[in-house]
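The values are calculated or read from the model by the stated rules, or taken from the named source; none is laboratory data. A quick note: this is a predicted structure, and the numbers were derived from the prediction, not measured. Methodologically, a virtual Cβ is constructed for each residue, glycine included, from the backbone with ideal geometry; neighbour enumeration extends over all protein chains shown.
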């Protein structure tokens, strides 16, 4: 069974590598380099301004470390067919899950240690320590980070069994209490963590269905992240009813056809596409609000409108795999026409929001020429995107 | 004559699966399309509903061809697929609303008909459910309700009995019978031969993408070595003969 996990792990790595290569493309690496550089620089600049008596540092660091302990899930790589195929092997599956645990443990502990390293400079600003005590204190915290993460993963394993009542509380309680003790007295915290490991009862009968659902949720989160950068076939959009947005759905339906109805409901309820549009619009509004160089501001307005449009256009093919649209007695031209009406209305709202945010360019005195220019250019862009770009992109498929 | 298929040859990309298939389905007639897995039943149905384009041959529905007038052609067809796939973003109520819009049905009588169908298939209290909340059988029922909500002249039903509970199978057969009596033509593909034998007026037996035999049960019996054989036995003998050949 251990070999099965190793084989799956290798396949999993190959699959992840494929996606990571797409995520960490040259441009993104450069952007990350600058982003982390800027953050580290700001952090270094800010640290000396923290007073050694600042009491708030303790709860902040405690919250941070408790949160970081939650990162790095138990990756079991179990598959939906396992409950059927491996059911007779449930007792032998211990070897499989042990391998999965160790694989998750080193990754999780590394993450915890990295979180600790980030918070240490801040912590040491307020912790009064002699030079001889410092290495012991830090070593104690490093040990506590490993033990608490180990204990957290043990609970995560217990989550997969039928005896999982209260485990979710424990996953927050253990790091919270453990880190509270460790920050004051690292050895006490370490002892607490080790004690919990010894006395916490081990997971019992495995709930296969829950284990599969748990793993699928984990992979879903991962795929959702990759899906921000590339198309991941495994990502199936979640659906929210969004009753409160039904007025918006009616407005988005630019015409009476079945396609207008379908696209408007789909766009609002599909979490993947709907949220992407509003997240991008919100980011665009924040960015254009803060960038006050007029020409750059206008360029960003136009760029963000284009970005939203290009993210929504694949939604045109959302229902290609469902038989009904092919069956509906509707002229073929109804579909592109309905989608164009939807895009027109959606992009108009998005453009209006971004343009209003961009008016911050004239914060002290309103710049009519700039504000009017943005309205005009955004309007022309929306028209061009719908008139020409949409047609080309739809045909491309 | 409602549906007329003449010398249909078709398949996937350049590989023909169907060879010179010809048969008809008349008004007020239930025709069973019978065949083993891979015999070409679903491929035939996909050609009729327009999901696949024939390499050669003609398919007409009351004189209308898909290629010449797709809207008029599709207006006459309702389809219950073998695998139920619904719109994840739409509730049951919205699926029905979409069907009413797409087929441009008069809303009031259509909703009334929908209500009756929903009651028959015990879905009336699930109007605001999303497909994710439905079991496979319930999804199948939703597709049946959507199809029989229309005023189609030809109903195409692909393997309708899988996943349905016995009560729903009985209700579906009653519904098919009622539509047949009202003048609709029904083409049903199935493996469940004893049910087909009891309900279908005529049969088209497919093996390896070719029509091996067609006609009423009496016609098929007349062609079989044993004149007392059931449809099941006739088809098995035919399929076995094909394998041995």
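Could you grab me the full set of residues in the stretch A:325-358 that are within 14 Å of chain B (Cβ to nearest Cβ) and under 15 Å from residue A:261 (Cα atoms)?
Within the stretch A:325-358, the first condition is being within 14 Å of chain B (Cβ to nearest Cβ), and the residues that meet it are A:325-335, A:338, A:342.
Listed by number, the residues that qualify are A:325, A:328, A:330, A:334, A:335, A:338, A:342.
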Inset, instruction - Tally the residues that are part of a loop (DSSP other than H, G, I, E, B) and within 12 Å of chain A (Cβ to nearest Cβ), restricting the search to the stretch B:97-112. - result: 3
Inset, instruction - Look at residue B:147 and say whether it is within 14 Å of the chain's Cα centre (by Cα), buried (at least 19 other Cβ atoms within 10 Å of the Cβ) and part of a loop (DSSP other than H, G, I, E, B). - result: no
Legend entry - Checking residue A:96 against (1) surrounded by 14 or more Cβ atoms within 10 Å (Cβ to Cβ); (2) within 28 Å of the chain's Cα centre (by Cα); (3) assigned to a helix (DSSP H, G or I), the condition it does not meet: (2)
Legend entry - Residue satisfying all of: in the stretch B:113-133; surrounded by 17 or more Cβ atoms within 10 Å (Cβ to Cβ) and within 13 Å of another protein chain (Cβ to nearest Cβ); farthest from the chain's Cα centre (by Cα) among these: B:130
Inset, instruction - Please state which of the following conditions residue B:110 fails to meet, knowing it meets all the rest: (1) in contact with a helix residue (DSSP H, G or I) (Cβ under 6 Å, 6 or more places away or on another chain); (2) surrounded by 15 or more Cβ atoms within 10 Å (Cβ to Cβ); (3) touching a residue at least 40 places away in the same chain (Cβ under 8 Å). - result: (3)
Legend entry - The one condition in (1) buried (at least 17 other Cβ atoms within 10 Å of the Cβ); (2) within 15 Å of the chain's Cα centre (by Cα) that residue B:66 fails to fulfil: (2)
Inset, instruction - Write out, first by first residue and then by second, each pair whose Cβ atoms fall under 6 Å of each other, whose residues are 6+ apart or on separate chains, and whose first residue, in the stretch A:312-324, is more than 7 Å from chain B (Cβ to nearest Cβ) and in contact (Cβ under 8 Å) with a residue 12 or more places away in the chain while the second is surrounded by fewer than 18 Cβ atoms within 10 Å (Cβ to Cβ) and assigned to a helix (DSSP H, G or I). - result: A:313/A:393; A:316/A:394
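Going residue by residue through the stretch A:261-275, is there one that turns out to be touching a residue at least 40 places away in the same chain (Cβ under 8 Å), more than 9 Å from chain B (Cβ to nearest Cβ) and under 20 Å from the mean Cα position of the chain (by Cα)? Outline the logic, then answer.
Here is the first cut: in the stretch A:261-275, the residues touching a residue at least 40 places away in the same chain (Cβ under 8 Å) are A:262-264, A:266-267, A:270, A:272-273.
When the remaining residues are screened for being more than 9 Å from chain B (Cβ to nearest Cβ), the result is A:263-264, A:272-273.
Those left that are additionally under 20 Å from the mean Cα position of the chain (by Cα): A:272-273.
Yes, there is a match, as at least one residue in the stretch A:261-275 is touching a residue at least 40 places away in the same chain (Cβ under 8 Å), more than 9 Å from chain B (Cβ to nearest Cβ) and under 20 Å from the mean Cα position of the chain (by Cα).
For the stretch B:81-96, name all the residues that are within 7 Å of chain A (Cβ to nearest Cβ) and either under 23 Å from the mean Cα position of the chain (by Cα) or part of a loop (DSSP other than H, G, I, E, B) (or both). Don't jump to the end; show me each part of the working.
Within the stretch B:81-96, the first condition is being within 7 Å of chain A (Cβ to nearest Cβ), and the residues that meet it are B:81, B:85, B:87-90, B:94.
Scanning the stretch B:81-96 gives B:81, B:85, B:87, B:88, B:89, B:90.
Scan the stretch B:150-166 and tell me whether some residue there is over 14 Å from the mean Cα position of the chain (by Cα) and within 13 Å of chain A (Cβ to nearest Cβ).
Taking the stretch B:150-166 first, the residues over 14 Å from the mean Cα position of the chain (by Cα) are B:150-151, B:163-166.
Remaining after also requiring within 13 Å of chain A (Cβ to nearest Cβ): B:150-151.
There is at least one residue in the stretch B:150-166 that is over 14 Å from the mean Cα position of the chain (by Cα) and within 13 Å of chain A (Cβ to nearest Cβ).
Which residue out of A:156, A:168 is surrounded by fewer than 14 Cβ atoms within 10 Å (Cβ to Cβ) and either at pLDDT 90 or above or under 18 Å from residue A:70 (Cβ atoms) (or both)?
Numbers: A:156 fails: surrounded by fewer than 14 Cβ atoms within 10 Å (Cβ to Cβ).
A:168 is the lone residue from the list that is surrounded by fewer than 14 Cβ atoms within 10 Å (Cβ to Cβ) and either at pLDDT 90 or above or under 18 Å from residue A:70 (Cβ atoms) (or both).
Every residue, every condition in (1) at pLDDT 80 or above; (2) crowded, with 17+ Cβ neighbours inside 10 Å; (3) within 14 Å of another protein chain (Cβ to nearest Cβ), yes or no:
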residue: A:193; (1), (2), (3): yes, yes, no
residue: A:200; (1), (2), (3): no, no, no
residue: A:204; (1), (2), (3): no, no, no
residue: A:252; (1), (2), (3): yes, yes, yes
Inset, instruction - Tell me, yes or no, whether the stretch B:7-29 has at least one residue that is closer than 30 Å to residue B:134 by Cβ and surrounded by 20 or more Cβ atoms within 10 Å (Cβ to Cβ). - result: no
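Restricting to the stretch A:54-81, give me the number of residues that are more than 23 Å from residue A:177 (Cα to Cα) and surrounded by fewer than 15 Cβ atoms within 10 Å (Cβ to Cβ).
Narrowing the stretch A:54-81 to residues more than 23 Å from residue A:177 (Cα to Cα): A:75-81.
With the extra rule that they be surrounded by fewer than 15 Cβ atoms within 10 Å (Cβ to Cβ), the set shrinks to A:79-81.
So the count comes out to 3.
Looking only at the stretch B:159-186, count every residue that is assigned to a strand (DSSP E or B) and in contact with a helix residue (DSSP H, G or I) (Cβ under 7 Å, 6 or more places away or on another chain) and tell me the total. If you could, list the steps in order and put the result at the bottom.
Residues of the stretch B:159-186 assigned to a strand (DSSP E or B): B:185-186.
Among the residues that remain, those that are also in contact with a helix residue (DSSP H, G or I) (Cβ under 7 Å, 6 or more places away or on another chain) are: B:186.
The qualifying residues number 1.
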